[in-house]
Amino acid sequence: MAPTVLLSREYHEKHLRPVADEVHRLVDTGQVPGDGFASIVFHGDEHYLDLYWKGPVPAVITEAVDAWRARTREQARQEPAGPVSPDYEVRYRSAAYSRSEMDRAVDRFVSAVGEDPSEWSSVSPANDGSGLLLTYRPRTTRRIAPANAPTRDYEARAEHFAGIPVHTRTGSPETPTQGSRTSDAPPWYAGTDLTLADNSHCSTGIPGWVSNKRVLLTAAHCQTGGNVYNGQRVVGEVTAYDSGLDVAVVTTDKSTAARFYSGSWNSGDSRPLYGPARLDPGQSACFSGAVSGFHCELEVTRVGVHSPSGRTAATEVRSRSGGIAVAQGDSGGPAVANPQGDSMAPVGVIIAGNTDTKIPCNDTSTPTTCFSTGYYTPLDPVASRFGFSAL
């Protein structure tokens, strides 16, 4: 009898990813009639993903899913003894609202209520397309509802502003993770220590190009102009930033490499980058920051998260084990995906930790604050805003 081979969640996500990418491509390029797409949610351990859609799923989508399903079945038949692909599946789910309807509701809510962290902490489209997910601190709200008012009263008022149903949970505003892979040299890698003009610390992000110039990304709350350093070495100059995305562009005249640091904060281990990629709820991610090091076993929990600080496009991740996702000082570092192989795909820029998820730090380059839930800005809006392309 052949030995049982246990397959990781990431292995299953790798086989589900192509159909998710194809659905996103069809939606993003306008090849799908109507406005029904709501979200994709991965369930890697159960070998399926949910596709939430408002109204009938268009034929172009079902045909793409059927073609992918046929390919995976054929692959399973041809795979040699060993890990055999299970029957991966797409499950169609009915959504009350499309993603664009929910995005417009977020804009209505923020416009009506304002960017007041005492009234709300974050707002995003609900993963199941049922409305919005809003976090807040019941003790501090005044305008939306009286302090410590029943949840139903707060939700009713929030729904009045948003125009669609709002689901709530308690939660504090996020904490920017400005804070080392302390001594680096060109070619610059992602995830090294970035010393700022005020002597605080952040991390270098994904290397790439903007207008034919070599650049590294970092977080805009770290610095919005002037030179940034690794120790005494000039890494480059911050030449552009966007506060809504919380991303800054560091232009460098030195060489860069499509690699990132993939060990602890004091390790020189690194891996190559390829991509980029994007992630949906339920998928796995990893963070690499100069202060706390490399952390995998992170799961995407929300996308399109808005905050009162003005951030408009964050993705939320949490540690499945309750361990460290991010620490102060990790801001700007790379969020990456595909932990199955040596090479990993860049997916975004680390920007914050969740205030309510502070945990002991253990091994970090300097005393700091650590969090089991963090946030990154995905690369799609960064590419659109700056003309950025990854190496």
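Where a ≥ b ≥ c are the square roots of the eigenvalues of the C-alpha gyration tensor, would you call region 260-311 rounded, which needs a/c under 1.5, or, failing that, prolate if a/b is larger than b/c, or oblate? Verdict is prolate for region 260-311.
Size of the chain: Rg and Dmax of its alpha carbons, in Å, are 21.2, 67. Dipole check for the chain: with +1 at the C-beta of Lys and Arg, -1 at the C-beta of Asp and Glu, and the Cα centre as origin, the magnitude is about 240 Debye. Need the C-alpha centroid separation for region 13-55 versus region 232-275, integer Å. First find each Cα centre; the distance between them is then 31 Å. Going toward the positive end of the dipole of region 274-391, with +1 on Lys and Arg Cβ and -1 on Asp and Glu Cβ, which of V326, Q283, T355 do you reach last? So the residue we want is T355. Convex hull volume of the Cα atoms of region 229-334, normalised per residue: 129 Å³.
Straight-line cross-link partners of K14 among the lysines, defined as a Cα under 30 Å from its Cα and at least 8 positions apart when in the same chain: K54.
Could you point to the residue in S243, G226, L216 farthest towards the positive end of region 189-252's charge dipole, with +1 and -1 charges on the Cβ of Lys/Arg and Asp/Glu respectively? Result: L216. The residues of the chain expose, per residue, 41 Å² of accessible area to a 1.4 Å probe. When DSSP beta bridges are restricted to pairs lying wholly in the chain, around 85% turn out antiparallel. When the charge dipole of the chain is built from unit charges on Cβ atoms (+1 for Lys and Arg, -1 for Asp and Glu) and taken about the Cα centre, the candidate among A38, P146, G129 whose Cα reaches farthest toward its positive end is P146. What a 1.4 Å probe finds exposed on the chain is 49% carbon and sulfur by accessible area, rounded to a whole percent. If you take the alpha carbon atoms of region 29-124 and fit the smallest convex hull around them, that volume is 145 Å³ per residue.
Using every pair of distinct Cα positions in region 92-161, the Kirkwood expression returns a hydrodynamic radius of 12.5 angstrom. By a 1.4 Å probe calculation restricted to protein chains, K358 has an accessible surface near 120 Å², given to the nearest 10. Within region 9-71, all pairs of alpha-carbon atoms sorted by distance into 5 Å bins from zero give the percentages 4, 17, 30, 26, 15, 7, 1.
Between S111 and A156, the simple spin-label model (points 7 angstrom out along Cα→Cβ) gives 2.6 nm. Tell me whether region 278-360 comes out rounded, prolate or oblate; compute the Cα gyration tensor, take square roots of the eigenvalues as a ≥ b ≥ c, and use a/c under 1.5 as the rounded threshold. Rounded is the answer for region 278-360, as its axis ratio a/c remains below 1.5. Normalising by residue count, region 158-275 has a Cα convex hull of 166 Å³ per residue.
Largest accessible area first, the residues S284, S384 order themselves as S384, S284 under a 1.4 Å probe with ligands, DNA and RNA left out.
The values are calculated or read from the model by the stated rules, or taken from the named source; none is laboratory data. Computed from a predicted model, the values in this text were never measured in an experiment. Backbone-built Cβ (ideal geometry, glycine too); neighbour counts: all protein chains shown. Protein only, heavy atoms only, side chains kept; ligands, DNA and RNA dropped before computing areas. Shrake-Rupley method; radii C 1.70, N 1.55, O 1.52, S 1.80 Å.
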